[in-house]
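Nothing in this text is a laboratory measurement; each read-out follows from the coordinates by a stated rule. What you see is a predicted model; the values in this text were computed from it and never measured. Cβ atoms come from the backbone with ideal geometry, glycine included; neighbour counts cover every protein chain shown.
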Amino acid sequence: MKYNFNDIEKKWQDYWAKNETFKASNNSDKPKYYVLDMFPYPSGAGLHVGHPLGYIASDIYARYKRHKGFNVLHPQGYDSFGLPAEQYAIQTGQHPAVTTEANITTYRRQLDQIGFSFDWSREVRTSNPEYYKWTQWIFIQLFESWYNYDSNKAEHIDSLIKMFEAEGNANVNAACDDDINPFTAEEWNAFSETDKQDILLKYRLTYLAETEVNWCPALGTVLANDEIVNGVSERGGHPVIRKKMTQWSMRISAYAERLLQGLDTIDWTDALKDIQKNWIGKSVGASVTFNVKDYDATIEVFTTRPDTIFGVSFMTLAPEHELVSQITTSEQKAEVKAYIEATAKRSERDRMADVKTISGVFTGAYAEHPFTKEPIPIWIGDYVLASYGTGAVMAVPCGDQRDYDFAKHFNIPIPNIFEGVDISEEAFASKDNVKIANSDFLDGMNYKKATKRAIFELEKIGQGEGKTNYRLRDAVFSRQRYWGEPFPVYYKDGMPQMIDEKHLPLTLPEVEKYLPTEEGEPPLGRADVWAWDTNTNTVCHSELVSESKGIYPLELNTMPGWAGSSWYFFRYMEEQAKRDEAFATEDALKYWENVDLYIGGSEHATGHLLYSRFWVKFLHDRGFVGVDEPFKKLINQGMILGTSAFVYRRITYLHINYKGLERWIPIRHFPIFESYSNGISIDKSFKNIDAENKFLDWLKFELPPLHHLKLKQLFGDDLIVDELNSLSNNEILEFLKGKIEFQHVKYHADVTFVNASDELDIEAFKNWRTEFKDADFITKEDGTFKVNREVEKMSKSKYNVVNPDDIVADYGADSLRLYEMFLGPLEQYKPWNTAGITGVHGFLKKLWKLYNDDNGSKVTDAEPTKDNLKTLHKTIKKVEEDIENFSFNTSVSTFMIAVNELTAQKCTSKEILELLLVLVSPYAPHIAEELWEQLGHNESISTAPFPEFEEKHLVESSKNYPISFNGKMRFTLELPLDMSMDEIEKTVLANEKTQEQLQGRTPKKVIVVPGKIVNIVG
RNA sequence: GCUGAAGUGGUGGAAUUGGUAGACACGUUGGACUUAAAAUCCAAUGGCCAUUAUGGCCGUGCGGGUUCAAGUCCCGCCUUCAGUACCA
């Protein structure tokens, strides 16, 4: 019997689907285990071989856990709202829902043929109204909440209102906007309803505020900080500018500390935790208030070094700081104004690219040092960011390199407040091993002590206090797009109102075009039916809007991509039948808790992975979920890179020396490609007689018609053209010879044209592009043409994309699964090379042959031999360890070794071969099922218990000791393991090979490590 | 600049707490089978030297160190990748 993988794989995929083999139950005696892949966006391009890497890893783990007796939840679904579908809609007019549906169909087909053990009965799609109903519901809960720093959690807004009614806002310790005025209970109770709502909005966890946002004109929407990479949009690479807009924001900053602390409770890589830590950016220090001299104002600054307060020699404000215009003296006004205008013009990108240039202007005003009362000049400079801290710094040039550079540049004094430190060249920024000097009461103290004392003294005079600052900003939540969740919000008197949750979902309206309106409103502004009738609680025609009739305009923005993905892992917990009741029922949430293993890319570190944690903490605070963190263990799979193929095209240059001007002119003629093996150099011009002759041959053929025209073009009007006219073709050739040089330009060739030995299928390449149709190829001597290989990101434009469909068709899903794992460690970036797949494919054939020969099954009831058992148990041990450590690449090698050994042992024992199948099954489930069935089982292998490792089969009586001399292994010696150290030493020394090595020397020392090694020194 | 990860044959990569470096594959070379090809099987394959077998020397980015013994630990560099971008 042959290993007919295509039939086998189809058979078992159908079987699993029909029998709902992988359907998880919310009631089980088994312990639960939840394995999840990061939410895929169903793009139009479909999958390439890099995409399933993480899915294969998580699938292996999920299948392993089933063998280990767990009730496994392993779902899949689609993050189906998003920009690409909308961009496509704008271009083609097709409704995003239609293209999204088509893309999902492709995705599903591709996923199915790889044999994943997903429970598809729990599929979710963020763009389904039954799903986004609950996204809208969560939004409402956020709106109805505020963050109480005293209880350190989110509470219902009613508790805040009660406090306002009873005692005003003086004692409220809340996460809120900066611009809140104090009010008493009496004042609160006297406020109008609109005023009250206006104030509450400043406390809500999602709030409407005019914020400076990242506006991307090309995409027509705002972007979050994590959606911008290097100053351009992550999707499409379009420029981004700063713009003030009224937007919904999420008060994630309230959770900064808990998001930071929570990292200690979860099993993520340090790399990922560090990224989040940096993004949250906690710094501990003090806020210090400086009085402005001769002006009734104060400047508050944040500093991490209050211990250096006596080193302040100037202050710098951000150009945007509100005080700047007020305190600038009349003499400095013109200069300051010019500077502010100049910095405002500079784009964010310019400012980022140019960190070196020092610029700033003196305002003419002075602040007063809180202790010495000395005047401190106040400058403005664009190295101070308006958006961080208070937008102002106390500059301590001796302790901060930026302040130092600024001071040097503008000749501001640099007082030294460090004992015995030289600051003539650069600032001393370290906190360690230094004592403070010239600082009054701080003299002689170290960083820690001085910091404490400085804060104490500042508090005493009421000009400062200890403070912690976070870099994490509130997240903008509005997008000016069509294809996203509509906000369940309408506007009454300009104030946002939530639609009652019982009327959800508020579904997306139809629009005739997916572009912003002429007035610049988001696409929803085009919807005819987009107003809220509070009488009927339904959507009605936009023209009917009338405050007096209770019909109000609806919100025109939609939610960002991360809305739906911030809670989807809870939705999977709930079975389809009960999804109407809640986002997930209490029972389901209680049973599944949170994700035990989450696998996905690290590119979501500061987006999805942070926002999800935020929402989960919020839902936890409000009692909607029991857990505080969504993902207990997280693994970032690395990327699979493409192995691009390059062909080298020879470009011919003619050397022209005209009136002393030397020039090389490229000649366009039919393409000539040269095999990489011929020693290609791109940078250097070089001569090659063969190619030169080829060119001259061509020229000879082309010369008569070209003769005058071409050469005239090449050599210019006044140059030797007249002479040329009188020359014969041969004379011209002679003239051109020696004036020709070549360079190579590399072109991507589609990797499908290249075989395992890097040889190009020339015919296929010629037919690929019309311009290469008549191309000439300078091959190797044996007639083959080699390409050069380089590793790059897998992408369409590089022609190195490998489609899993092709791999599955040629080698089968099991081969694909094994090979993706075999490539290397899961977390690592590694290149794909299709040629290597024959290795794992060959292994599967060998595995098949262990069970079958031409006459069918060869498995017998034979007693296993000692060697059989040893091989099996060695494999059990290693594979189990590997899976637990997510070291899937090494277990594939282990399988290969096991099959090689069992084949050599001619093992036919059912007892051995049956257990081997269970080991292999998580990795190559189709072949495992088929062989399992052949062995007489009529139930799926998927829940067969994982074999128990038994140490006794690995116990050896002797060991092949490496005998080394001065640490270098020279030979090995078989010795019994129960031999004593003394005896080992004696036996080894007595050995003739030892004596040969020693050549008469007496060893100084003999190290014997029983069971490991013998080392002879001397 | 700062933070983190990583540098091992022609290639992907193995190597438990320091204990036989290069497992397992790909590729390459030679051979078997075949009319031929594919498939399959066998052998060799880190570099250099030697060859009559046994062999010898060098080798895990570079330079030091600790140790009987270092890919692994310590110190100092270099390179690559990722994150971040004047964060006070």
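Observations on the model:
- For the residue pairs A:LYS133/A:LYS244; A:LYS23/A:LYS870; A:LYS293/A:LYS333; A:LYS293/A:LYS435, the C-alpha atoms sit more than 24 angstrom apart in A:LYS133/A:LYS244; A:LYS23/A:LYS870; A:LYS293/A:LYS435.
- Working from Cα pairs under 8 Å separated by at least six residues, relative contact order for chain A is 12 percent.
- Charge sum, other residues only, whose C-beta stays under 12 Å from A:ASN71's C-beta, Lys/Arg counted +1 and Asp/Glu -1: +3
- Comparing A:ASN148, A:VAL324, A:GLY564 along the charge dipole axis of chain A, the residue lying farthest to the positive side is A:GLY564, per the Cβ-charge model.
- If you model chain A as an ellipsoid using its alpha carbon gyration tensor, with each semi-axis the square root of five times an eigenvalue, the axes come out at 56, 45, 39 Å, biggest first.
- When the Cα positions of A:VAL988, A:LEU954, A:ALA862 are compared along the charge dipole of region A:844-996, A:VAL988 comes out farthest toward the positive end, with charges on each C-beta of Lys, Arg, Asp and Glu.
- Chain A: calculated mean residue ellipticity at 222 nm from DSSP helix runs of at least 4, using -39500 (n - 2.57): -10500 deg cm²/dmol
- Prolate/oblate/rounded call for region A:956-1017, Cα gyration tensor, a/c under 1.5 rounded: prolate
- Here region A:956-1017 is assigned +1 on the Cβ of each Lys and Arg and -1 on the Cβ of each Asp and Glu. Its dipole about the Cα centre then comes out at about 400 debye.
- Under Karplus coefficients 6.51, -1.76 and 1.60, residue-wise ³J(HN,Hα) of region A:370-378 in Hz, glycine/proline x: x, 9, 7, 6, 5, x, 10, x, 9
- Qualifying GluC sites (Glu not before Pro) for region A:401-494 [loop in DSSP, other Cβ within 10 Å: at most 11]: A:GLU425
- Most tightly packed first, judged by the mean number of other beta-carbon atoms within 10 Å of their residues, the peptides A:758-770, A:73-85 read A:73-85, A:758-770.
- Highest average first, the peptides A:165-177, A:534-546, A:378-390 ordered by how many other beta carbon atoms sit within 10 Å of their residues are A:378-390, A:165-177, A:534-546.
- In a DSSP loop and with at most 12 other Cβ atoms within 10 Å, the GluC sites (Glu not before Pro) in region A:779-817 are A:GLU781.
- Computed over region A:282-470, relative contact order equals 31 percent, with contacts defined as Cα pairs under 8 Å that lie 6+ residues apart.
- Entries of A:LYS830/A:LYS878; A:LYS32/A:LYS277; A:LYS32/A:LYS878; A:LYS68/A:LYS866; A:LYS849/A:LYS874; A:LYS845/A:LYS878 with Cα pairs more than 29 Å apart: A:LYS32/A:LYS277
- Karplus 3J(HN,Hα) series, Hz, for region A:1005-1018 with 6.51 cos²θ - 1.76 cosθ + 1.60 (x for Gly, Pro): 7, 10, 9, 10, 10, x, x, 10, 7, 10, 10, 10, 9, x
- Database remark: amide H of A:ARG125 closer than 5 angstrom to the amide H of A:TYR78 (H placed geometrically; neighbours at sequence offset of 5 or more, or on other chains; Pro and chain starts carry no H).
- Protection-proxy order for peptides A:469-476, A:308-315, each taking the mean of Cβ atoms within 10 Å per residue, highest first: A:308-315, A:469-476
- Dipole size of chain A about its Cα centre, with +1 on Lys/Arg Cβ and -1 on Asp/Glu Cβ: approximately 2580 debye, rounded to the nearest 20.
- Region A:806-963 shape via C-alpha gyration tensor axes, a/c threshold 1.5: oblate
- Shown here for region A:1-64: trypsin sites (Lys or Arg not before Pro) in loop regions (DSSP other than H, G, I, E, B) with at most 15 other Cβ atoms within 10 Å, namely A:LYS2, A:LYS23.
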